Amino acid sequence: MAKQTKKTETPLPEAKPVKEKKTPKAKATATPVPAPEKVTKAKAVKVEPEALAAKAKKAVKAKAAPAEEVVVPKPKSVKAKVAEAVQAAPPVILKAVEPYSRFTDFDIGLFKSGKHFKLYEKLGSHVVEFNGVVGTYFAVWAPNAQYVAVIANFNGWNRGSHSLNARWDASGIWEGFIPNIGVGETYKYYIKSSTGEDLEKADPFALRWEVPPSTASIVADTFYEWTDSDWMTNRHQHNAIDKPYSVYEVHLGSWARNIESPDEFLTYTQLAHKLVPYVKEMGFTHVEFMPIMEHPYYPSWGYQISGYFAAASRYGSPQELMYLIEEFHKAEIGVILDWVPSHFPGDIHALYKFDGTHLYEHADARKGFHPDWKSYIFNYGRNEVRAFLISNALFWLDRYHADGLRVDAVASMLYLDYSRKHGEWEANIYGGNENLEAISFLKEFNEAVYSHFPSTQTIAEESTSFTGVSRPVYLGGLGFGMKWMMGWMHDTIDYFAQDPIHRKYHHNEITFSTIYAFTENFMLPFSHDEVVYGKGSMLRKMPGDEWQQFANLRLMYSYMFTHPGTKLLFMGAEFGQGDEWNYSQSLQWHVLQYANHQGMSETVKTLNHLYRDEPALHEKSFDFTGFEWIDGGNANDSILVYGRMGHNSKDDLVIILNMTPVPRYNYRIGVPGGGNWKEIFNSDAQNLWGSGLINYDPVKADPEKWHGKENSIRITIPPLGATIFKRAPETPAKYELKR
């Protein structure tokens, strides 16, 4: 097993230790073992089993060593001992493929029942030592194959030279140890199906793949000397539901490109030096990567995955991705990964018809084929497939220290008739359209994540009215930590797309969300899906001239950051990019030289810090007692007034939104208390590229009833602007008692 640092989460259950069986002496025709010096110099080998942990501690950090780099043990005493051992004992003769296993009977029982959630330690390719020889153990699940062999560079892709052994326990696992093969070796599995079909498949559990369009797997490890223990120890404080949670959604291939070579991707390491400080400066608490698992088709944005356990090789090695995540953690920023258990592509080298049969996907096209994406749907009723998917989810939380998983296309998993016409789907056993197997899987997935990694979060992209998506499983829910508030996103964008003169006729669209805002733990997203396929950028959705477009966008973001729920903003939207997102090129960073875009960037930065600093905006994000309408019915003026509350009344805020370009002077609003009220944010400030119509001085509340409150204030409301008021302390801040 790859070297792991001290865990800060509840460890996954360890499988029982493997007892090695003594192997009978091989025939004279078997492959002899090279001399000790040749073995150690063969490849940059990282040996994984626990028994070799001591050796692993002395290994060169994997990310620093190229696949073919020669690694020679430094301590001479070790060499001397090896040489003495070789001289004292006759040379070990091993066959081309030795019978060897990392599975115990307990492992197999868990696998068959769908309860083995550490399959990444068993299946796939693992560099190990057997009978004193370093080599690679291969294991693959192909229950309907009649023959399986490793084909690779080392054997000239010969289908007959390195055949694996089928286990005797009806598990469908083929395995074997091949000596003198190490990290960096390129390989596939040759599978002869039960119907006689010849298949060449990449390893579903491979930790690294070739850079597309090449499709082979590469023997690799996930050894990394993590230095983010402070973050991992205190992560629960950053991921708690009563803490600020503002997410920057990123597509790594198009956030930025090399200026000298715009067709080249930035590597994980380069992104660590550019993306991390930017996200920190902008005030986001988390970053979300669109899928970084290996995918063959770049225009799929990563949502059609072929290598579920491999970091996308376009951007570098597994260790380089770990370095990027580690740098985010050092900057106190959490990392969420997009995860896609809903479907996979039909590429012939990947999961589709893996052993010649519908192994991972459902055989019935009414359940196994996705009509929208022309992809294939996992068979959630098959135990081994459930174990594969849950193992994959825990793998990224375990080996890569991910802080959460955003689960894509949950709605498509929940319903049998999703995007299907009459006659194209089959009802469940109760006659309904719910996919009972998928629902059961999602519950088990969430239980596994939160039981082993309780300080992480799972977030569902779910667009229907399915009940209890973010409620605990023991209360009948699916068990997610949060759910995207898709209805809010669409209603908000539709409202702001209206000309301000017509908004009074659409007032219910902007107020409707508060009716159901606390039925789930909602995240408010302005995601990548809203800025593609001709939908235009967030800026160009806004009506009016240039000034009004920017003012409207600042106003909409102010509404987002003051509305109950956590936040998500897709890259480019934070500085008002004019063109919609193009995955094949960099964001348009050059526009930041202009004051209007710089003002938009400053707006998002200010809102992020306000959201983090003001308890009333995050302490009760999912609690109805943290929000109240002060005036939500003024459709004629298109003005909204509402309050946000935290645990302490001194933190109460009053938010006023003017959805028209008409400024309002001496406008009276009710406030929840007397004293002085001070404006702490105004989206019309000049440094945000506004007109500068702000309330400079604190306003003393009058004992005049208004909006159902005992006290009220008169203020100036800027055009297409948002303003936020907070009760000013009665004593100077330096004399105020700390709570």
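The values are calculated or read from the model by the stated rules, or taken from the named source; none is laboratory data. Small disclaimer: the values here were computed from a predicted structure and weren't measured. Glycine gets a Cβ as well: all are built from the backbone with ideal geometry, and neighbour counts include every protein chain shown. Note: areas computed on protein heavy atoms with side chains; ligands, DNA, RNA excluded. Shrake-Rupley method; radii C 1.70, N 1.55, O 1.52, S 1.80 Å.
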**OP:** Please identify the pairs in which a residue from the range 364-378 that is open to solvent by less than 40 Å² (accessible area, probe 1.4 Å) and assigned to a loop (DSSP other than H, G, I, E, B) has its Cβ atom under 9 Å from the Cβ atom of a residue that is acidic (Asp, Glu) and modelled with pLDDT of 95 or more, counting only partners at least 6 apart or on another chain.
**Re:** ILE377/GLU361
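For the subset of the range 107-133 comprising residues that are polar (S, T, N, Q) and touching a strand residue (DSSP E or B) at 6+ places or on another chain (Cβ under 7 Å), which member is nearest to LEU394 (Cα to Cα)? Before the answer, list the steps.
To start, the set of residues in the range 107-133 that are polar (S, T, N, Q) comprises 113, 125, 131.
Then keep just the ones that are touching a strand residue (DSSP E or B) at 6+ places or on another chain (Cβ under 7 Å); that gives 125, 131.
Values: SER125: 18, ASN131: 32 Å.
The qualifying residue nearest to LEU394 (Cα to Cα) is SER125.
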Subject >> Residue check for VAL532: β-branched (Val, Ile, Thr) and closer than 20 Å to MET413 by Cα >> reply: no
Original post:
HIS295: crowded, with 22+ Cβ neighbours inside 10 Å, within 18 Å of the chain's Cα centre (by Cα) and modelled with pLDDT of 95 or more, yes or no?
Top reply: yes
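In this structure, does TYR415 turn out to be modelled with pLDDT of 95 or more, open to solvent by less than 20 Å² (accessible area, probe 1.4 Å) and either within 16 Å of ILE325 (Cβ to Cβ) or not hydrophobic (A, V, I, L, M, F, W, C) (or both)?
On the way: modelled with pLDDT of 95 or more: yes; open to solvent by less than 20 Å² (accessible area, probe 1.4 Å): no; either within 16 Å of ILE325 (Cβ to Cβ) or not hydrophobic (A, V, I, L, M, F, W, C) (or both): yes.
Answer is no for this residue.
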Original post:
If a residue has to be open to solvent by 10 Å² or more (accessible area, probe 1.4 Å) and under 26 Å from the mean Cα position of the chain (by Cα) to count, how many in the range 91-115 make the cut?
Top reply: 1
Subject >> Verdict on TYR611 being open to solvent by 20 Å² or more (accessible area, probe 1.4 Å), among the aromatic types (Phe, Trp, Tyr) and modelled with pLDDT of 95 or more >> reply: no
Subject >> SER455 being in contact with a helix residue (DSSP H, G or I) (Cβ under 9 Å, 6 or more places away or on another chain), within 30 Å of HIS251 (Cα to Cα) and polar (S, T, N, Q) >> reply: yes
Subject >> Checklist (1) assigned to a strand (DSSP E or B); (2) out of contact with any Asp or Glu (no Cβ under 8 Å at 6 or more places or on another chain) applied to GLU249, failing item >> reply: (2)
Original post:
Of all the residues that make up the range 254-285, how many are more than 18 Å from the chain's Cα centre (by Cα) and assigned to a helix (DSSP H, G or I)?
Top reply: 9
Subject >> Hits in the range 526-581 (condition: within 20 Å of TRP255 (Cβ to Cβ), open to solvent by 10 Å² or more (accessible area, probe 1.4 Å) and among the acidic types (Asp, Glu)) >> reply: ASP529, GLU530, ASP579, GLU580
**OP:** Name every residue in the range 474-511 that is more than 30 Å from THR456 (Cα to Cα), open to solvent by 10 Å² or more (accessible area, probe 1.4 Å) and aromatic (Phe, Trp, Tyr), in order of residue number.
**Re:** TYR505
Original post:
in contact (Cβ under 8 Å) with a residue 12 or more places away in the chain, in a strand (DSSP E or B) and either aliphatic (A, V, I, L, M) or open to solvent by less than 10 Å² (accessible area, probe 1.4 Å) (or both), is that true of GLU288?
Top reply: yes
Original post:
How many of the residues making up the range 708-732 are open to solvent by less than 60 Å² (accessible area, probe 1.4 Å), closer than 22 Å to GLY633 by Cβ and either in contact with a helix residue (DSSP H, G or I) (Cβ under 8 Å, 6 or more places away or on another chain) or not hydroxyl-bearing (Ser, Thr, Tyr) (or both)?
Top reply: 12
**OP:** Could you check, for the range 526-547, whether at least one of its residues is part of a helix (DSSP H, G or I) and over 16 Å from HIS490 (Cα atoms)?
**Re:** yes
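Could you tell me whether ASP684 is open to solvent by less than 20 Å² (accessible area, probe 1.4 Å) and either more than 16 Å from LEU653 (Cβ to Cβ) or not hydrophobic (A, V, I, L, M, F, W, C) (or both)? Reasoning before the result, please.
Details: open to solvent by less than 20 Å² (accessible area, probe 1.4 Å): yes; either more than 16 Å from LEU653 (Cβ to Cβ) or not hydrophobic (A, V, I, L, M, F, W, C) (or both): yes.
Answer is yes for this residue.
Of everything in the range 610-642, what is acidic (Asp, Glu), assigned to a strand (DSSP E or B) and over 16 Å from ALA722 (Cα atoms)? Give them in sequence order. Before the answer, list the steps.
Narrowing the range 610-642 to residues acidic (Asp, Glu): 613-614, 619, 623, 628, 631, 637.
Narrowing further to those that are assigned to a strand (DSSP E or B): 628, 631.
Answer for the range 610-642, where residues must be acidic (Asp, Glu), assigned to a strand (DSSP E or B) and over 16 Å from ALA722 (Cα atoms): just GLU628.
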Original post:
Just a yes or no: is a residue in the range 582-603 open to solvent by 10 Å² or more (accessible area, probe 1.4 Å), assigned to a loop (DSSP other than H, G, I, E, B), touching a residue at least 24 places away in the same chain (Cβ under 8 Å) and in contact with a strand residue (DSSP E or B) (Cβ under 8 Å, 6 or more places away or on another chain)?
Top reply: yes
Subject >> Those residues of the range 273-285 which are surrounded by 22 or more Cβ atoms within 10 Å (Cβ to Cβ) and more than 22 Å from TRP339 (Cβ to Cβ), in sequence order >> reply: none
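Could you tell me which residue of the range 231-246 is nearest to PHE522 (Cα to Cα), considering only residues that are in contact (Cβ under 8 Å) with a residue 40 or more places away in the chain and outside any loop (DSSP other than H, G, I, E, B)?
Our first condition is that a residue be in contact (Cβ under 8 Å) with a residue 40 or more places away in the chain; within the range 231-246, this holds for 231-233, 235-236, 238-239, 241-246.
Among the residues that remain, those that are also outside any loop (DSSP other than H, G, I, E, B) are: 231-233, 235-236, 238-239, 246.
Numbers: TRP231: 25, MET232: 25, THR233: 26, ARG235: 21, HIS236: 19, HIS238: 17, ASN239: 14, SER246: 12 Å.
Here the answer is SER246.
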**OP:** Report, by residue number, each residue of the range 243-259 that is open to solvent by 30 Å² or more (accessible area, probe 1.4 Å) and modelled with pLDDT under 95.
**Re:** ASN258, ILE259
Original post:
If you go through the range 316-334 one residue at a time, do you hit one that is at pLDDT below 95, basic (Lys, Arg) and open to solvent by 10 Å² or more (accessible area, probe 1.4 Å)?
Top reply: no
